[in-house]
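Inspection log for the structure reproduced underneath, given as structure tokens.
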Amino acid sequence: MTTGTNADDPLSTPSTDEVLATLAEALKDLDSVVRSFEHADAKLASICARVVTAVPGADAAGVTVLRDGTAVTAASTEAFVLAIDAAQYEQQEGPCIDAAVTRDIVRADRAQAAERWPSFARAIERVDVTSFLSAPITAGEDYVGALNLYGHHGHDFDTVDEQALRVYVRAAQSVLSADERAQQAARRVEGYAAAMESRAAIEQAKGALMIALGVTADKAFDLLLWRSQTTNVKVRDLAEQFVTDLATLNTAPGVLADELGKMLMTVHQRVLGQ
């Protein structure tokens, strides 16, 4: 809890004004962290380090994220955070879990933790932590993670600490949202690349059939589509195998059309045999 500062007492707790001043100073480079080209987890680690500096009584911080439906610790400032988080994930209870369920900040001291989350408290009884503060990170209606603070010097987090934490939650949310957008863009690019490769193979197969059989582009594609439907093999897979088979052809005059026809009739066998 924040109280007035006694200049003669080096262990006194900072006042609210001092907390806000420290927070303002710590925020100066937060935007640069969010906008940097570092990996998302490195950005989250930087945010954790800064929030520990800004919030009195916070001895460690960690960020929990949901990846493929599983909670993992993406960043932390101290090794004991991993033990605390692992206990929460395993017991399915604790401040981080409650923050996810309530979509609101959760704070507790050690006694409250033992009452609210007995299994979790027993799992971390050897860990020197006396206070907990967790805030959910959301994207729209979806819970995507949490920013968690831990203290072990008898300091009880208060509402000023909560407000400070919210600022860093927004930064973490920006990082995770940007990372998700980047991943979506990468998946789209991969999909476009795969589609282009498939299209190229289809066009090459069509071109070979047009030259050898003297048919139009539409007719060549109809032939590929016909073999796809009758053999239950994708047109893309047939075309890719067909193009591969072209390199093995005997291209002597008079036999190209016959060999292409045979190849078309049996190309599905080679696809299915892979």
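What follows draws every value from the coordinates through simple rules; no lab data is involved. In this text the structure is predicted, and so the values were computed from the model without any measurement.
For this structure, a couple of remarks:
- In Hz, Karplus ³J(HN,Hα) per residue of segment 77-92 (6.51, -1.76, 1.60; θ = phi - 60°; x = Gly, Pro): 9, 9, 5, 5, 4, 4, 5, 5, 5, 4, 5, 5, 5, 6, 7, 6
- Cα centroid separation, segment 88-125 to segment 144-165 (Å): 13
- Under Karplus coefficients 6.51, -1.76 and 1.60, residue-wise ³J(HN,Hα) of segment 204-217 in Hz, glycine/proline x: 5, 5, 4, x, 5, 5, 4, 5, 6, 9, x, 10, 6, 4
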